Structure formats: C-alpha cells, structure tokens
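Here the structure comes first, spelled out in structure tokens, and everything after it is commentary.
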Amino acid sequence: MHKDVEKILINETELQEIVQNIAEKINSDLNGEPLLVVIILKGSTPFAMDLIKKLTMPVEIDFMQVSSYGKSTASSGFINLKKDIEQDITGKNVLIVEDIIDSGNTLNKIKKLFEHRQAKSVKICALLDKPSRRVVDVDVDYSGTEIPDEFVIGYGLDYAEQYRNLPYVGVLKKSVYEKVVD
Ligand code: PRP
C-alpha cells in the first residue's frame, strides 16, 4: 500500500466486479444499439478504459474536460468547458462516464448540455457516489458504489494531480493535505 494511503476502500478485485456489473447492465439496456461513450477527463479514464472493454455493442469514445468554479463552494454550480467532444451527437445514445459524483453540479450541467444538443438518449454512469455531498439532484443510471465523505484517491482520482495511477481506491492520510503552511 502507498505510504500516503490511510486505508484501501475498494481493492482491485472489487473494482473489476463493480465494472463488470455496470457493463452487464449497459449491455442489457442497449440491446446491441450503438453507443457513444463520453469520458470526462481526467479522473474517469482508468474506469472508462476498463468499462469499454466489457461493452458488447458498437462503441465510439470521445472526451470532455470541465472545471468547476469555486470547487470548495460546490453550490456555486458553474462549470467551465475546457474541452468539448468532437462530434455531433444528434440522435445518438450517449453514456457519460464519471469517476465520482460529489455535489452533482458537473453531471447535472453536462447532461443538460447533451439533451439540448438533441441526443437520442443521455445516460450517466459513475463509479463512485458521495450522496451525502449532493447539492443538485442527478439521475444516475449506472452507479458503482456509494462511499462515505472521505478524501479518496487512486484508480483515476487525484490529490494535486498525484495518485491517479494507484490500482485501488483508497483514503488519503489527513497528514498529506493538512500540512501546516509556514
Ligand atoms: C471531479 C470528478 C467530477 C467532479 C465531481 O473532477 O471527476 O468531474 O469532480 O464533482 P461534482 O459532483 O461536485 O461536480 P475534478 O474536477 O476533480 O477533475 P479531474 O477528474 O481532472 O481530477
């Protein structure tokens, strides 16, 4: 285990089981219809790469990157589109893939944007859900697992851009982010 990790919350085997369960539901729901998977950078990439390998319908992928203003005051609810997808989604089945839902602001805004662009369907898939932090309602179609309000890292999730490469989801030691500033 990495020295900065307090405890492992979801190990590699458990992650793969969660991904498999989500993929089976998506495969069943789509019933062979083509799917555009929109991966929200950066944290979702390890999850999305594992997920798409388990999907059985014709799949396209695209990427979007957003940043929220005033992350610490999540209720502000504004997001900044840093990178948009590259294609017209009119009439397409879209699956938005996220690593974590916190306030819900990011997914709420992206879903509305895609509906406005007249996708055939817009569904949301999130590996981790922190319901205790929710500020706006979001209908999550495929949810991996709920987690407590702890600082989680690994399997794509970062603290100051570090730890995304850990193969498990762990809780970051408080001493790492509560360092006294001189
Ligand atoms: C995280 C996560 C979601 C968002 C969730 O991204 O991947 O996009 O925050 O928070 P919300 O529900 O409060 O909107 P982050 O901004 O940390 O970017 P990253 O994936 O590049 O690390």
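The values are calculated or read from the model by the stated rules, or taken from the named source; none is laboratory data. Treat the numbers as computed from the prediction; the structure is a model and nothing was measured. Ideal geometry is used to build each Cβ from the backbone, glycine not excepted, and the neighbour counts take in all protein chains shown. SASA here: full protein model, heavy atoms, side chains in, ligands and nucleic acids out. Shrake-Rupley method; radii C 1.70, N 1.55, O 1.52, S 1.80 Å.
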Could you please give the count of residues in the range 96-122 that are part of a strand (DSSP E or B) and surrounded by fewer than 20 Cβ atoms within 10 Å (Cβ to Cβ)? 1
Can you find, within the range 64-75, the residue that is modelled with the highest pLDDT among those that are more than 10 Å from the ligand (Cβ to nearest atom) and farther than 17 Å from Asp158 by Cβ? Tyr69
Would you mind stating whether Asp137 is acidic (Asp, Glu) and surrounded by fewer than 16 Cβ atoms within 10 Å (Cβ to Cβ)? yes
Within the range 13-24, identify whether any single residue is touching a Phe, Trp or Tyr at 6+ places or on another chain (Cβ under 6 Å), in a helix (DSSP H, G or I) and closer than 14 Å to Tyr142 by Cα, and answer yes or no. yes
Could you please find all residues in the range 25-57 being in a loop (DSSP other than H, G, I, E, B), open to solvent by less than 30 Å² (accessible area, probe 1.4 Å) and away from the ligand (no atom under 16 Å from the Cβ)? Leu55, Met57
Test result for Glu150, surrounded by fewer than 16 Cβ atoms within 10 Å (Cβ to Cβ), acidic (Asp, Glu) and part of a loop (DSSP other than H, G, I, E, B): yes
Condition set assigned to a loop (DSSP other than H, G, I, E, B) and of a type outside the set (Asp, Glu), scope the range 78-95, selection most open to solvent (accessible area, probe 1.4 Å): answer is Phe78
